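The values are calculated or read from the model by the stated rules, or taken from the named source; none is laboratory data. Predicted model, so just to flag it, every value in this text is computed and none were measured. Quick reminder, even Gly has a Cβ in these numbers, built from the backbone with ideal geometry, and neighbours come from all protein chains shown.
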């Protein structure tokens, strides 16, 4: 998370803070209750409505391991994730490595179980924002994009743009604004989700 991006002074953590504020701005249009913000190794923030609260939350640098299982179980336990709720829950998971427990022991299989068996895909959409270049981590999450319902995976902006142009052509327009849109609705809109995937051949 402390890696610099775009050869500048901004870190992935700074970039994530800006994306979170955009999510907040759009999210509060659809839900006046605000946005819940879960951190992995410290307290969570609930019903955030003011971007200044996001700045305050991100003022503390990230540290510790990657206990995604606990965070995801907390999120899918919210009332909005239950059957019969009239609203869908969209969870953004920003991670810079594969899931671990609080001691640093990898527990990818347990996290996959939560995603595949404890999460209700009809009510809970999950958007992964990858803040890592580790091949193994990227591969696992990318596989879930293909095999799990209502799941999308988005890399950092330069990587995502390169992937999309690989399949859509080098002249395909993909701005930072487009990047934010994909991050916001990729897990909800199948067409947006497929932008960074190979175009299926027409069998006809």
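Name the residues in the range 1-22 that are in contact with a strand residue (DSSP E or B) (Cβ under 8 Å, 6 or more places away or on another chain), under 24 Å from residue 67 (Cβ atoms) and either in a loop (DSSP other than H, G, I, E, B) or at pLDDT 85 or above (or both), would you?
Once the filter is applied, which keeps residues that are in contact with a strand residue (DSSP E or B) (Cβ under 8 Å, 6 or more places away or on another chain), under 24 Å from residue 67 (Cβ atoms) and either in a loop (DSSP other than H, G, I, E, B) or at pLDDT 85 or above (or both), the range 1-22 yields 1, 2, 3, 20.
Only one of these conditions is not met by residue 102: (1) at pLDDT 85 or above; (2) touching a helix residue (DSSP H, G or I) at 6+ places or on another chain (Cβ under 9 Å); (3) not in a loop (DSSP other than H, G, I, E, B). Which number is it?
Looking at each condition in turn, residue 102 falls short on (3).
Quick check on my filter: what residues within the range 164-193 are surrounded by 13 or more Cβ atoms within 10 Å (Cβ to Cβ), out of contact with any strand residue (DSSP E or B) (no Cβ under 7 Å at 6 or more places or on another chain) and free of Cβ contacts under 8 Å to residues at least 60 places away in the same chain? Break it down stepwise before answering.
Initially, the range 164-193 is screened for residues surrounded by 13 or more Cβ atoms within 10 Å (Cβ to Cβ), giving 164-165, 167-168, 172, 174, 178-189, 192-193.
Remaining after also requiring out of contact with any strand residue (DSSP E or B) (no Cβ under 7 Å at 6 or more places or on another chain): 164-165, 167-168, 172, 174, 178-181, 184-185, 189, 192.
Across the range 164-193, the qualifying residues are 164, 165, 167, 168, 172, 174, 178, 179, 181, 185, 189, 192.
Can you tell me which of (1) at negative phi; (2) touching a strand residue (DSSP E or B) at 6+ places or on another chain (Cβ under 8 Å); (3) buried (at least 18 other Cβ atoms within 10 Å of the Cβ) is the one residue 150 doesn't meet?
The one condition residue 150 does not meet is (1).
Does residue 158 satisfy the criteria of being farther than 20 Å from residue 26 by Cβ, surrounded by fewer than 16 Cβ atoms within 10 Å (Cβ to Cβ) and in contact with a strand residue (DSSP E or B) (Cβ under 6 Å, 6 or more places away or on another chain)? Quick ask: steps written out before the conclusion?
Numbers: farther than 20 Å from residue 26 by Cβ: yes; surrounded by fewer than 16 Cβ atoms within 10 Å (Cβ to Cβ): yes; in contact with a strand residue (DSSP E or B) (Cβ under 6 Å, 6 or more places away or on another chain): no.
So residue 158 fails the test.
Considering only residues of the range 129-165 that are touching a helix residue (DSSP H, G or I) at 6+ places or on another chain (Cβ under 8 Å) and assigned to a helix (DSSP H, G or I), which is nearest to residue 180 (Cα to Cα)?
Across the range 129-165, the extreme among qualifying residues is 157.
Among (1) farther than 19 Å from residue 152 by Cα; (2) surrounded by fewer than 17 Cβ atoms within 10 Å (Cβ to Cβ); (3) in contact with a strand residue (DSSP E or B) (Cβ under 9 Å, 6 or more places away or on another chain), which single condition is residue 25 missing?
(3)
Could you tell me which numbered condition residue 40 fails, if it satisfies all but one of (1) modelled with pLDDT under 85; (2) assigned to a loop (DSSP other than H, G, I, E, B); (3) buried (at least 16 other Cβ atoms within 10 Å of the Cβ)?
For residue 40, the failing item is (1).
Please work out if residue 54 is at pLDDT below 85, part of a helix (DSSP H, G or I) and within 20 Å of residue 180 (Cα to Cα). Walk me through how you get there before you give the answer.
On the way: at pLDDT below 85: no; part of a helix (DSSP H, G or I): yes; within 20 Å of residue 180 (Cα to Cα): yes.
Spelling it out, it is not the case that residue 54 is at pLDDT below 85, part of a helix (DSSP H, G or I) and within 20 Å of residue 180 (Cα to Cα).
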